[in-house]
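Please read the structure below before turning to the comments.
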Amino acid sequence: MIHFNSGIEIEGVGFPLDSTRRHDFAFVSHAHSDHIASHKKIIATPETVLFFRKRYKRVLSHAVPLGHKTRIGNVDIELFSSGHILGAAQIMIHRQGAKIVYTGDFKLRPSATVHPIEIRKCDYLIMESTYGRPEYVFPDRDTSIELLLGFIKSARVSGYTPMILGYSLGKAQEALKIIGDAGYPAAVHQSVYEMAVLYQKCGVKFGEFERLDPQTCSDKVIIAPPMSRTNSELRQLRRVRSCMLTGWGVGKIPRWSGADAVVPLSDHADFNDLVSYVERAEPKRVFTIHGFEEFAEHLRKRGFDAVYLGKGESASLSAPPTHFSPRKRTSNIDLFE
Ligand SMILES: [Zn+2]
């Protein structure tokens, strides 16, 4: 059985995956706050352990680098890149002769700061499906970068300071790398700065950047997390134009973004990449979590045995899911996309 609630639990596997409830021992795919809790001990990549300790300093760790195998209790596991943020890992669990893969958050597109994703063939696939609707098809990466640099250029030409909004772990460092490689100096919010320093410790090289100082940042590109715009230091800034980096901005500026512009640069797979992942992994059965319930139906139409697993629901690896009650979900905005 597989159970999804505050995280994923698999019968016969002695630890939960990405639980947001405290456990003695848990697998953490990456350190975004919607995948972690104050666990006593975690199994994760060394990079994720580093980011995790920023929030939970005393956590014990069993660090497993990407591409490595180990035995935990009675199961063999392997961690391999999910391409989501630095150190983000998928886990393959070998259980009773079957290969079970849990993706965590993932993207297929290349990145300037993250190891490329690996897709492995498996028997059972538990996958996120954040953008599991056909309307969510992103432009290619080069186009998104062109849009971002075009926004920066036009803001500066008009006498405004460009402010790029992206969450502080992952998206902001990707933006910092792109902006630095294009030759722009950056002034970054404290939370972005702290994570950028950790990225540097992991070997990522950035262009010129400094901690945001409202008095001296007008000739730089500001990078800040979306929630920080209400901070008093950012409220002091005048003549600023903001651009949010989010996959929810395909073809439109979501009203909740509050930004002047949106560029669809995401750390998640778009609809086509979600489908492509499943085609390449060739699982016997797929369990979709997060995102749109209808994505499982899209997979079934393509011939895959797929079920959506909502919060509080369980499913057998081979039989139809129990407690399965389809619900219409109209919106599922995930700010860590
Ligand atoms: Zn994430």
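Read-outs throughout are calculated quantities, based only on the coordinates presented, and are distinct from any laboratory measurement. Please read these numbers as outputs of a predicted model, since none were measured by experiment. Cβ sites come from the backbone with ideal geometry, for glycine too, and all protein chains shown count toward neighbours.
Legend: calculated FRET efficiency, D219 to I253, from the Cβ-Cβ distance at R0 = 25 Å, rounded to 0.05, equals 0.45. Close Lys pairs in segment 141-263, defined as Cα atoms under 22 Å apart and 8 or more places apart or on different chains, number 12. Taking Cα centre as origin and charging only the Cβ of basic (Lys, Arg, +1) and acidic (Asp, Glu, -1) residues, the dipole magnitude of the chain rounds to 620 debye.
Would you please name the trypsin sites (Lys or Arg not before Pro) within segment 1-75 that are DSSP coil residues with at most 14 other C-beta atoms within 10 Å of their C-beta?
Working: sites: R21, R22, K40, K41, R53, K54, R55, K57, R58, K69, R71; in loops: R21, R22, K40, K57, R58.
When the trypsin sites (Lys or Arg not before Pro) of segment 1-75 are filtered for loop state and at most 14 Cβ neighbours within 10 Å, R21, R22, K40, K57, R58 remain.
Under 12 Å of direct C-alpha separation, and excluding same-chain neighbours fewer than eight residues apart, K121 reaches these aspartates and glutamates: E279, E282. Put a plus charge on the Cβ of each Lys and Arg, a minus charge on the Cβ of each Asp and Glu, and nothing anywhere else: the dipole of segment 141-263 about its Cα centre is then about 300 debye. Checking the a/c ratio against 1.5 first, then a/b against b/c, what shape does the Cα gyration tensor give for segment 141-263? It is rounded, given that a/c, with a ≥ b ≥ c, falls under 1.5.
Once a ≥ b ≥ c are taken as the square roots of the eigenvalues of the Cα gyration tensor of segment 202-282, is the result rounded (a/c under 1.5), prolate (a/b larger than b/c) or oblate (a/b not larger than b/c)? Oblate is the answer for segment 202-282, as a/c is 1.5 or above yet b/c matches or exceeds a/b. Peptides 212-222, 278-288 ranked from most to least packed give 278-288, 212-222, packing being the mean of other C-beta atoms within 10 angstrom over each peptide's residues. Around F25, what is the net charge, scoring Lys/Arg as +1 and Asp/Glu as -1 over all other residues with Cβ under 12 Å from its Cβ? That sum, taken over residues with Cβ under 12 Å, equals +2. Report summary: the helix-based calculation at 222 nm, which adds -39500 (n - 2.57) for every DSSP H run with n ≥ 4 and divides by the residues of the chain, gives -6500 deg cm²/dmol. The mean sequence distance of close C-alpha pairs (under 8 Å, at least 6 residues apart), as a share of the length of the chain, puts its relative contact order at 17 percent.
Distances between every pair of Cα atoms in the chain, grouped in 10 Å steps from 0 to the bin holding the largest one, split as 6, 26, 33, 23, 10, 2, 0 percent. In straight-distance terms, cross-link reach from K311 covers every one of the lysines whose alpha-carbon lies under 22 Å from its own, apart from those fewer than eight places away in the same chain; here that gives K328. By the combined test of axial Cα extent (at least 18 Å) and Kyte-Doolittle hydropathy (mean at least 0.0), the qualifying DSSP H helices of the chain come to 141-157.
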